[in-house]
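See below for the structure under consideration.
The values are calculated or read from the model by the stated rules, or taken from the named source; none is laboratory data. Just so we're clear, the structure is a prediction, and the values are computed from it rather than from any experiment. As a convention, Cβ positions derive from the backbone with ideal geometry for all residues, glycine included, and neighbour counts pool all protein chains shown.
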Amino acid sequence: MRRPLALLAIAACVTAVVAYQVTRPARAESDPRVFVPSAQFFEDFSPSFRTSIADAYYLYMVQYYGEHVETDQRLDSMADLVDLVTRLSPRFTKAYQFGTFALLDADEGARAYAILQRGVEANPEDWGLPALAGFLVYGFGEGAEKERIAAEWYARAAAIEGSPIYLDRLAATLTAKGGEEEKAALMWAQVYADGDKYSREKAVAALDGLLPEGKEERMRAVAPLAETMPEAMFEELLAALFEDYL
Amino acid sequence: MNQVAAIALNTFRETIRDRVLTVIVLFALVMIVAGLWLGSISLEQQGRMMKDFGLVAVTVFGVIVAAFIAATLVRKEVEKRTVFVLFSKPVSRAAFVVGKFLGLAATLAAVVGGMGLFLFVLTLLVGGGASGMVLVATALIYLQVLTVVAVVVFFSTVTSAILASMLGLGVFVAGQLSHNVLSLSRVGAGAITEAVSWVVFVVIPNFNAVDVKAAAVGEMTVDWGSVALWAGYLVAYMAVALAAASFVMRRKEF
Amino acid sequence: MSPTSPEAQHLVSLSGVTKTVHVGLRRRPVTILRGVDLAVEHGDVFGLIGPNGAGKTTTVKVLLGLMAPSGGSVDLRLRGLGAVGYLPENPYFYDYLSGREFLSFCARLFGLGAGERKARADRLLRDVGLEAAADVHLRKYSKGMLQRIGIAQALINDPHLVLLDEPMTGLDPIGRLEVKRIIQRLHDEGRTVLFNSHILADVEELCTRIAVMKGGRIVWGGTVAEALTDSPEGLEAFFMRVVGDERPGVSGDERARVPGGEPDEVAGDGQPEVAAGETPS
């Protein structure tokens with residue numbers, strides 16, 4: 001007699017718990033402002049676990065972004081979160097990348113740029129972060145200098161071993177846009193020297209546009225480019241730039 | 001030496017057959033595998049999440065096993081009066097303490113090493129840059145866990161098992177903060193504060209100095225010379241704790 | 001009626017041994033031994049008898065070095081503990097080991113090599129009749145089996161002196177008989193045996209010499225024959241006379257029915273009473 005009663009009581013409890021879980025009102029809107037401790041706090045109190053804490057906050061940050069970008073569009077604490085994660089784990093490149101785009105959504109380009117600059121310093125062998133900085137400055141920056149600064153970031157990225165050749169082209173293009181035509185010409189010549197067939201075609205087209213029209217002036221402007229490549233290659237470039245060179 | 005080996009082997013048998021150990025290890029393995037699930041919401045950072053959280057699991061469970069099993073090592077023999085069998089034979093108190101310690105050390109080598117290897121193989125399977133650093137970090141976690149064992153063995157000779165476990169966990173936590181104590185000794189808050197802080201810094205094992213978990217996710221460049229020195233320091237620390245435990249045991253009557 | 005006096009040929013001699021322990025937070029001193037003089041000769045089967053709390057177990061522990069004496073001297077004319085075997089009272093052994101593993105472990109504590117360990121374990125398992133249970137974990141052993149494996153471990157080093165603390169307590173009649181046979185055999189092999197007991201029938205049957213303890217002192221020592229000359233009605237009567245009835249007006253039979261457990265060895269002021277249930281029937 002007691003056993004069926006006990007079973008009944010347990011069944012009732014289980015039903016009640018499940019019913020509550022299923023029917024309880026949807027979770028209340030979460031507050032976009034969350035408490036983010038300082039990185040120094042964790043550095044002081046658990047240096048051995050700082051990357052694990054960074055990872056935990058990284059996962060939280062991804063969740064926080066997903067939750068708010070789709071609902072209230074408020075990402076008040078995003079910058080603090082990105083800052084915390086990247087300070088605890090300065091070599092966590094994915095966190096800078098994700099953070100940059102999330103902060104653009106949060107309308108905090110300046111914070112993103114500052115954090116990214118830290119990332120570049122902490123990860124000198126990574127070309128992705130300076131390239132991202134270039135993208136950030138060119139795409140979202142303001143002011144007359146932005147092409148020049150973006151070009152510098154791309155050039156910095158392009159100088160890192162293993163970086164793709166398109167970074168050199170981007171750097172050269174933006175340098176030209178920034179008004180430094182002589183420097184741009186040199187950069188394009190470098191692209192010509194280092195690049196594949198496609199890059200060379202691009203370089204020739206770009207140089208064609210950059211260099212003066214008149215044969216004499218063009219000849220003078222082209223001369224310094226000889227420094228950037230072997231003689232035979234330079235001959236080829238000249239042939240491409242001067243219709244009647246041969 | 002023979003006595004130490006006999007007691008160590010017996011302790012290894014005792015602890016490795018402990019059901020609690022099996023449960024904790026299974027739970028730890030589940031936690032490590034749970035890293036996979038966490039990785040799935042990490043935007044292609046599975047490898048990193050797995051290594052990082054996995055090593056935390058190895059540390060936490062290793063320390064828990066160490067603290068709780070070590071506390072009962074000596075006490076159980078005293079309470080169940082098996083010490084009568086040992087000490088009525090030509091077994092010194094020091095051989096007893098060292099044998100018990102080495103036996104649990106062997107068990108923990110299997111437990112912590114097993115978890116580390118499991119984690120390593122898992123990162124190898126999942127991809128995301130399996131790194132031998134996971135194994136190196138595990139070895140150094142093992143060293144920290146052993147230090148906790150030595151400390152708990154000492155405490156268990158002077159206090160109850162549960163208190164010894166708690167004190168052992170406390171020492172582990174304090175060992176994470178020991179550099180803060182050192183900075184306290186430099187703030188110039190008075191000669192006494194400085195002296196006390198310095199003593200506390202010396203007494204508490206410095207675990208941060210041998211922790212290379214961050215290196216497994218490429219977050220630090222390890223100064224191996226310094227790690228080796230600090231590892232030696234921890235070994236000496238254990239020797240001192242065990243010597244103190246032997247000393248207390250020598251004065252005990254049964 | 002004089003305490004046994006130490007002589008030159010004695011294997012074991014205690015003279016004037018005292019032991020005081022401090023109990024509780026206030027470190028209250030409790031005296032357990034008040035000057036024990038005891039001598040055991042080669043080849044003796046020596047019975048140490050006395051009421052609970054008389055200090056029998058403490059005497060054995062002092063002898064073994066498990067406790068340090070507060071005063072007096074202990075002389076064990078043997079090469080250290082290597083030649084002593086000891087069975088503790090109510091022995092508990094590693095229950096996760098099999099009988100064979102346990103004996104091998106004990107042999108190893110004496111530094112014996114693998115071959116010797118196996119040979120001795122096998123022989124002792126046979127001697128104590130545990131061959132069939134050799135590979136069974138000790139947690140599955142009965143009380144009698146534990147007592148026998150306990151005796152086996154006490155003999156693993158082929159000792160000259162065997163100390164058995166209450167070897168018969170808690171055993172059924174068959175178990176008692178088996179243990180008695182083992183003690184008899186040890187005697188026949190020429191070993192010296194010292195055992196504590198309050199089962200006087202066994203003492204009478206097995207011992208060559210006895211000492212009666214009371215209140216931390218040896219109050220009588222001599223041969224069983226001497227005791228029986230003193231009290232022809234038997235050792236029990238002799239014992240009652242030596243120990244004395246501390247509760248006049250209460251007969252032995254009635255005392256046996258007095259409820260309550262046995263007092264602790266260290267309880268009280270070191271002058272323990274004769275407790276209920278311990279009077280031999």
(request) Give the residues of the stretch B:36-54 that are within 16 Å of A:SER89 (Cα to Cα), touching a residue at least 60 places away in the same chain (Cβ under 8 Å) and among the hydrophobic types (A, V, I, L, M, F, W, C), sorted by residue number. (result) B:MET50
(request) Among what's in the stretch B:73-117 and is at pLDDT 90 or above and among the polar types (S, T, N, Q), pick the residue that is farthest from B:PHE12 (Cα to Cα). (result) B:SER92
(message) If I ask for residues that are facing chain C (nearest Cβ under 8 Å) and either free of Cβ contacts under 8 Å to residues at least 24 places away in the same chain or within 21 Å of B:ALA150 (Cβ to Cβ) (or both), which ones from the stretch B:90-100 would you list?
(response) B:VAL91
(request) Report, by residue number, each residue of the stretch B:201-221 that is without any contact (Cβ under 8 Å) to a residue 24 or more places away in the chain and either out of contact with any Lys or Arg (no Cβ under 6 Å at 6 or more places or on another chain) or within 16 Å of B:GLN144 (Cα to Cα) (or both). (result) B:PHE201, B:VAL202, B:VAL203, B:ALA214, B:MET220, B:THR221
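Each row is one residue, and each column tells you yes or no for (1) free of Cβ contacts under 8 Å to residues at least 60 places away in the same chain; (2) touching a helix residue (DSSP H, G or I) at 6+ places or on another chain (Cβ under 6 Å).
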{"residue": "C:GLY47", "(1), (2)": "no, yes"}
{"residue": "C:LYS56", "(1), (2)": "no, no"}
{"residue": "C:PRO69", "(1), (2)": "yes, yes"}
{"residue": "C:GLY72", "(1), (2)": "yes, no"}
(message) Criterion first (more than 10 Å from every other protein chain (Cβ to nearest Cβ) and modelled with pLDDT of 85 or more) does B:PHE27 satisfy it?
(response) yes
(request) Specify which of the listed residues (B:GLY103, B:GLY39) is surrounded by 18 or more Cβ atoms within 10 Å (Cβ to Cβ), in a helix (DSSP H, G or I), small (Gly, Ala, Ser) and within 14 Å of chain C (Cβ to nearest Cβ). (result) B:GLY103
(message) assigned by TED's automatic domain parsing to the domain that holds A:GLY119, more than 17 Å from B:ALA214 (Cβ to Cβ) and under 29 Å from the mean Cα position of the chain (by Cα): which single residue out of A:LEU84, A:LEU88, A:LEU75 fits that description?
(response) A:LEU75
(request) Taking B:LEU73 as meeting all but one of (1) free of Cβ contacts under 8 Å to residues at least 12 places away in the same chain; (2) within 14 Å of chain C (Cβ to nearest Cβ), write down the number of the exception. (result) (1)
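Name the residue, out of B:ALA228, B:ALA150, B:ALA215, that is among the aliphatic types (A, V, I, L, M) and either within 23 Å of B:PHE53 (Cα to Cα) or touching a Gly at 6+ places or on another chain (Cβ under 8 Å) (or both). Walk me through how you get there before you give the answer.
Working: B:ALA228 fails: either within 23 Å of B:PHE53 (Cα to Cα) or touching a Gly at 6+ places or on another chain (Cβ under 8 Å) (or both); B:ALA150 fails: either within 23 Å of B:PHE53 (Cα to Cα) or touching a Gly at 6+ places or on another chain (Cβ under 8 Å) (or both).
The match here is B:ALA215.
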(request) Could you tell me which numbered condition B:VAL181 fails, if it satisfies all but one of (1) at pLDDT 85 or above; (2) among the hydrophobic types (A, V, I, L, M, F, W, C); (3) surrounded by 13 or more Cβ atoms within 10 Å (Cβ to Cβ)? (result) (1)
(request) Assess whether C:GLN184 counts as being assigned by TED's automatic domain parsing to the domain that holds C:ASN52 and of a type in the set (S, T, N, Q). (result) yes
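Which of the residues that make up the stretch C:83-99 are within 15 Å of B:LYS80 (Cα to Cα), of a type outside the set (S, T, N, Q) and within 8 Å of chain B (Cβ to nearest Cβ)? Talk me through it step by step, then tell me what you get.
Step one: filter the stretch C:83-99 for residues within 15 Å of B:LYS80 (Cα to Cα), giving C:87-97.
Add one more test, that the residue is of a type outside the set (S, T, N, Q), and what stays is C:87-89, C:91-97.
Result: C:PRO88, C:PRO91, C:TYR92, C:PHE93, C:TYR94, C:TYR96, C:LEU97.
Return the total of residues in the stretch C:77-115 being assigned to a strand (DSSP E or B) and not assigned by TED's automatic domain parsing to the domain that holds C:VAL128.
Of all residues in the stretch C:77-115, those assigned to a strand (DSSP E or B) come to C:84-87, C:98.
Next, from what is left, pick out any that are not assigned by TED's automatic domain parsing to the domain that holds C:VAL128: C:84-87.
So the answer is 4.
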(message) Among (1) of a type outside the set (A, V, I, L, M); (2) facing chain B (nearest Cβ under 7 Å); (3) in a strand (DSSP E or B), there is one condition C:SER73 misses while meeting the rest; what is its number?
(response) (2)
(message) Quick check on my filter: what residues within the stretch C:142-192 are out of contact with any strand residue (DSSP E or B) (no Cβ under 7 Å at 6 or more places or on another chain) and part of a loop (DSSP other than H, G, I, E, B)?
(response) C:SER142, C:ILE156, C:ASP158, C:THR169, C:GLY170, C:LEU171, C:ASP172, C:GLU189, C:GLY190
